[in-house]
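Below is one structure, written out as structure tokens; comments come after it.
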């Protein structure tokens with residue numbers, strides 16, 4: 001399927017001097033298909049990046065990725081590319097950089113305890129990667145000392161602390177909202193941003209196209225299977241059981257894997273909150289249990305001995321990625337086709353081309 005581009009014309013005013021200015025017509029080509037929280041508009045001389053507030057869907061920041069000495073349009077924050085050093089405060093950022101063979105440019109991370117990539121861990125042990133801590137309380141001196149070009153954060157709040165001060169000295173702060181995307185391919189599409197930031201846009205686009213094609217192929221295979229097994233997801237935390245809402249990333253994966261998810265029609269892109277009693281009532285006979293947050297049935301019983309009342313527990317149909325959680329969180333966003341592959345092969349064992357799972361394991 002050919003990549004679909006939308007093209008439109010816009011006039012951008014550049015200030016050439018204090019006394020003279022001119023209008024330039026820019027032919028702009030959008031390169032984003034699935035992600036809802038970012039726009040990337042490619043122009044011959046520069047790349048415009050629009051970050052959207054996930055709550056309002058309105059553009060909250062505009063960046064111009066500049067090569068050489070090109071001039072940024074008015075209202076855009078200038079980022080000179082390719083960047084050569086980055087502070088990556090989320091596991092998904094590391095996973096995307098790894099796909100582009102760019103872990104060498106990572107200069108800072110949140111915590112090595114949440115990293116899976118062996119090259120990053122080795123750099124950390126050698127003192128070549130700095131541990132920054134929580135994104136809301138990083139000392140500005142530590143960021144400056146890292147000599148990074150860019151700091152990428154998750155944007156759990158609004159602006160990054162000291163953002164204006166850092167930008168004044170040449171360290172741009174860029175929020176990455178891949179975690180708020182609701183389509184698996186929307187999450188993966190953020191690799192294009194890393195591509196344009198680092199001058200590897202061809203590699204990033206080729207990789208995404210490969211993932212997109214594989215994901216669609218797997219989805220078609222699943223939809224042709226006659227069986228439609230049922231599943232539930234999550235685990236009890238305190239008095240609440242959190243399950244994916246019907247418009248969430250996980251719910252989309254369940255749908256594309258051709259299974260029956262009882263909460264598929266609930267509203268929301270995050271989680272829904274149920275009591276244990278309600279979950280047992282709704283899912284006592286449900287066939288599969290995914291994402292319980294532990295790696296053994298014994299651990300589940302230590303949380304709540306009544307878990308043994310679920311048919312999925314009795315029939316050993318409980319599956320989790322938690323045996324290697326760091327690997328899952330680092331790679332799953334950029335490998336949604338592998339997540340979907342695991343779900344399909346678990347839920348539809350009648351499919352002949354069986355293979356080992358990428359992320360999931362059966363609880364024993």
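Among the listed residues 252, 235, identify the single one that is more than 19 Å from residue 342 (Cα to Cα), crowded, with 17+ Cβ neighbours inside 10 Å and in contact (Cβ under 8 Å) with a residue 24 or more places away in the chain. Write out each step before concluding.
Working: 252 fails: more than 19 Å from residue 342 (Cα to Cα).
235 is the lone residue from the list that is more than 19 Å from residue 342 (Cα to Cα), crowded, with 17+ Cβ neighbours inside 10 Å and in contact (Cβ under 8 Å) with a residue 24 or more places away in the chain.
Return yes when residue 220 is in contact with a helix residue (DSSP H, G or I) (Cβ under 9 Å, 6 or more places away or on another chain), surrounded by fewer than 16 Cβ atoms within 10 Å (Cβ to Cβ), without any contact (Cβ under 8 Å) to a residue 24 or more places away in the chain and more than 19 Å from residue 273 (Cα to Cα) and no when it is not. It would help to see each step written out before you state the result.
Details: in contact with a helix residue (DSSP H, G or I) (Cβ under 9 Å, 6 or more places away or on another chain): no; surrounded by fewer than 16 Cβ atoms within 10 Å (Cβ to Cβ): yes; without any contact (Cβ under 8 Å) to a residue 24 or more places away in the chain: yes; more than 19 Å from residue 273 (Cα to Cα): yes.
Against the criterion (in contact with a helix residue (DSSP H, G or I) (Cβ under 9 Å, 6 or more places away or on another chain), surrounded by fewer than 16 Cβ atoms within 10 Å (Cβ to Cβ), without any contact (Cβ under 8 Å) to a residue 24 or more places away in the chain and more than 19 Å from residue 273 (Cα to Cα)), residue 220 does not qualify.
Checking residue 226 against (1) in the same structural domain as residue 305 (by TED's automatic domain parsing); (2) within 21 Å of the chain's Cα centre (by Cα); (3) without any contact (Cβ under 8 Å) to a residue 24 or more places away in the chain, which single condition isn't satisfied?
(2)
Got at least one residue in segment 11-32 being over 28 Å from residue 138 (Cβ atoms), under 17 Å from the mean Cα position of the chain (by Cα) and at pLDDT 85 or above? Explain how you work it out, then say what you get.
Initially, segment 11-32 is screened for residues over 28 Å from residue 138 (Cβ atoms), giving 11-32.
Filter again for under 17 Å from the mean Cα position of the chain (by Cα), leaving 32.
After this cut, where a residue has to be at pLDDT 85 or above as well, the list is 32.
Checked against the condition, which is being over 28 Å from residue 138 (Cβ atoms), under 17 Å from the mean Cα position of the chain (by Cα) and at pLDDT 85 or above, segment 11-32 yields at least one hit.
Tell me whether segment 130-148 contains one or more residues that are touching a helix residue (DSSP H, G or I) at 6+ places or on another chain (Cβ under 7 Å), within 30 Å of residue 338 (Cβ to Cβ) and either surrounded by fewer than 15 Cβ atoms within 10 Å (Cβ to Cβ) or in the same structural domain as residue 44 (by TED's automatic domain parsing) (or both). Before you say what the answer is, go through the steps one by one.
Let us first name the residues in segment 130-148 that are touching a helix residue (DSSP H, G or I) at 6+ places or on another chain (Cβ under 7 Å), namely 130-132, 140, 143.
Now restrict to residues that are within 30 Å of residue 338 (Cβ to Cβ): 131-132.
Next cut, either surrounded by fewer than 15 Cβ atoms within 10 Å (Cβ to Cβ) or in the same structural domain as residue 44 (by TED's automatic domain parsing) (or both) only: 131.
Yes: segment 130-148 contains one or more residues that are touching a helix residue (DSSP H, G or I) at 6+ places or on another chain (Cβ under 7 Å), within 30 Å of residue 338 (Cβ to Cβ) and either surrounded by fewer than 15 Cβ atoms within 10 Å (Cβ to Cβ) or in the same structural domain as residue 44 (by TED's automatic domain parsing) (or both).
Among the listed residues 360, 323, which satisfies the condition of being in contact with a strand residue (DSSP E or B) (Cβ under 9 Å, 6 or more places away or on another chain), more than 19 Å from residue 181 (Cβ to Cβ) and surrounded by fewer than 16 Cβ atoms within 10 Å (Cβ to Cβ)?
Values: 360 fails: surrounded by fewer than 16 Cβ atoms within 10 Å (Cβ to Cβ).
The match here is 323.
Determine, yes or no, whether residue 355 is surrounded by fewer than 18 Cβ atoms within 10 Å (Cβ to Cβ), in contact with a helix residue (DSSP H, G or I) (Cβ under 7 Å, 6 or more places away or on another chain) and at pLDDT 95 or above. Please lay out each step first, then the result.
Working: surrounded by fewer than 18 Cβ atoms within 10 Å (Cβ to Cβ): yes; in contact with a helix residue (DSSP H, G or I) (Cβ under 7 Å, 6 or more places away or on another chain): yes; at pLDDT 95 or above: no.
For residue 355, the condition - surrounded by fewer than 18 Cβ atoms within 10 Å (Cβ to Cβ), in contact with a helix residue (DSSP H, G or I) (Cβ under 7 Å, 6 or more places away or on another chain) and at pLDDT 95 or above - is not met.
Considering only segment 114-129, state which residues are under 19 Å from the mean Cα position of the chain (by Cα) and surrounded by fewer than 18 Cβ atoms within 10 Å (Cβ to Cβ). Reasoning before the result, please.
Step one: of segment 114-129, the residues under 19 Å from the mean Cα position of the chain (by Cα) are 114-117, 120.
Correct list: 114 only.
Looking only at segment 61-74, filter to residues that are touching a residue at least 60 places away in the same chain (Cβ under 8 Å) and not in a loop (DSSP other than H, G, I, E, B); which one of those is surrounded by the fewest Cβ atoms within 10 Å (Cβ to Cβ)?
Step by step, filter segment 61-74, then rank; the result is 61.
Can you tell me which residue within segment 251-275, out of those that are closer than 29 Å to residue 349 by Cα and more than 22 Å from the chain's Cα centre (by Cα), is modelled with the lowest pLDDT?
Among residues in segment 251-275 that are closer than 29 Å to residue 349 by Cα and more than 22 Å from the chain's Cα centre (by Cα), the one modelled with the lowest pLDDT is 262.
Return a yes/no flag: does segment 165-172 have any residue that is buried (at least 17 other Cβ atoms within 10 Å of the Cβ) and out of contact with any helix residue (DSSP H, G or I) (no Cβ under 9 Å at 6 or more places or on another chain).
At the first step, the residues of segment 165-172 found to be buried (at least 17 other Cβ atoms within 10 Å of the Cβ) are 166, 171-172.
Narrowing further to those that are out of contact with any helix residue (DSSP H, G or I) (no Cβ under 9 Å at 6 or more places or on another chain): none.
Among the residues of segment 165-172, not one is buried (at least 17 other Cβ atoms within 10 Å of the Cβ) and out of contact with any helix residue (DSSP H, G or I) (no Cβ under 9 Å at 6 or more places or on another chain), which makes the answer no.
The values are calculated or read from the model by the stated rules, or taken from the named source; none is laboratory data. Everything numeric here is computed off the predicted structure, so don't read it as measured data. Note: ideal-geometry Cβ built from the backbone for every residue, glycine included; neighbour counts use all protein chains shown.
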